[in-house]
Structure formats: structure tokens, C-alpha cells
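Single-structure report; data block below.
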């Protein structure tokens, strides 16, 4: 076999292997419609992953905001009588 024949044979084997692999996972890449459907599936999966990541960031922000708000509220409630007493003393009441 010549180098050209070997290269053509290797390309044919590779193409068949890739096609069979995609068929085993349920993707028909032998037709343009099958390729387009697979691309849409990948795009959907990407959008789903990005939305999931965004939701995770939002949940973390809400959790941190809630903790900070509760901490500040608790500190205010614990210190408000003391602060008002100091203010009354300063004003001489």
C-alpha cells in the first residue's frame, strides 16, 4: 500500500469509528439533520449549565446577604439600649 492509500484507509476507519460512536450514544451524524439536532442538544446543555451556575451564584449572594442582615440586626438589637443610654447621658437627661 502506498502512503496515500494508507491515509485514505485511516480516514475512512476514523470516520466510521466516529459515526458508530455517536450512534451508540443516540446521535445520528450521518445526515445533516442529525448533526443539526446534536448541535442543538449541545447548545441546550450549555445553556442549562450556565443557568445552573447563575442560580448557584444567586443563591450564594442571597445567603451572604441574609447572614449579614441578620448579624447587623442582632447587633443593633443587643446594643440599642446601651447606645440610647450613652446618648441620654451625653445629653444630660
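What follows draws every value from the coordinates through simple rules; no lab data is involved. Keep in mind it's a predicted model, so treat the numbers as computed, not measured. Every residue, glycine among them, receives a Cβ derived from its backbone with ideal geometry; neighbour counts consider all protein chains shown.
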Determine the pairs where a residue that is within 16 Å of residue 37 (Cβ to Cβ), located within the stretch 3-27, has a partner that is in a helix (DSSP H, G or I) with Cβ atoms under 8 Å apart, the partner being 6 or more residues away or on another chain. 22/38; 27/34; 27/37; 27/38; 27/41
Find the residue count for the stretch 19-55, including only residues that are in a helix (DSSP H, G or I) and over 17 Å from the mean Cα position of the chain (by Cα). 15
Flagged in the stretch 36-93 as surrounded by 10 or more Cβ atoms within 10 Å (Cβ to Cβ) and on the phi > 0 side of the Ramachandran plot, in numbering order, are none
